[in-house]
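The structure follows.
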Amino acid sequence: MALHASLSSDRHSHFLLGAGLGMGLALLGAAGRKLMVQAPTMLAGDWDEALAAEHKATLLLFDGLARTEDSATARRTLLLMQLKHALGKHALEEENAVYPAMREHGMTEEADALNADHGYVKQYLYELSDLAADNGAFQQKLAAFRTDIEAHMRREEEELFPRLRRALDEGATGDLTRRMNQEGLKLA
């Protein structure tokens, strides 16, 4: 009986060790995946350069969606899911790091307007999801969305982000870049 209890205890210990190791590997894998998703942003440079790189990547997803054929609803759905994820991560970076920095530097009205634009982005994504099988309506809505999002991106890249960049010293630029990447890792 004592031998059976000892063997049972050993099996239980091995099970717990294996389960703990498995959980540890899963967490390590998830962290690695997050780093891989955020790596292009982290390697692109300071916060403004990184966001511009994300803008370019987003436009490539729009290009892919625009090229989908009537019958390619599965591909369209996959690309739309990728676009939703990319824009969600990007919005979190801006809303939780960049726009607060804008507000701290006297650009409250501008930050609020950009934040309001993000609400329309969510609306467009919702509407596109409902139209994935209707090529004509989908492509029309996608074109309108792209026009609006390109205007948003141009305003950020050409006007507002350069103003914020001029207001930040080197240390504040580094801090903002770190905060933005931390926010991106949350959804990566």
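The values are calculated or read from the model by the stated rules, or taken from the named source; none is laboratory data. Fair warning: this is a prediction, and the values are worked out from it, not measured in the lab. For neighbour counting, all protein chains shown are included, and Cβ atoms are generated from backbone atoms with ideal geometry for every residue, glycine included. Just the protein is used for accessible areas: all its heavy atoms, side chains included, with ligands, DNA and RNA removed. Shrake-Rupley method; radii C 1.70, N 1.55, O 1.52, S 1.80 Å.
Quick one: dipole size for the range 34-187, taken about the Cα centre, charges +1 on Lys/Arg Cβ and -1 on Asp/Glu Cβ, in debye to the nearest 20.
I would put it at about 540 debye.
Please give the length that would be gained between Glu109 and Arg155 if that part of the chain were fully extended, namely 0.36 nm times their separation in residues minus their C-alpha to C-alpha distance (nm, one decimal).
15.2 nm
Which FRET efficiency, nearest 0.05, do Arg178 and Ala57 yield, Cβ-Cβ r, R0 22 Å?
Efficiency, rounded to the nearest 0.05: 0.60.
For Thr41, tell me the accessible area in Å² from a 1.4 Å probe, rounded to the nearest 10.
For Thr41, the solvent-accessible surface is approximately 10 Å².
Can you send over the solvent-accessible area of Asp130, 1.4 Å probe, protein chains only, in Å² to the nearest 10?
110 Å²
Need one value: the accessible area of Arg165 in square angstrom, 1.4 angstrom probe, rounded to the nearest 10.
Probe radius 1.4 Å; accessible area of Arg165 about 80 Å².
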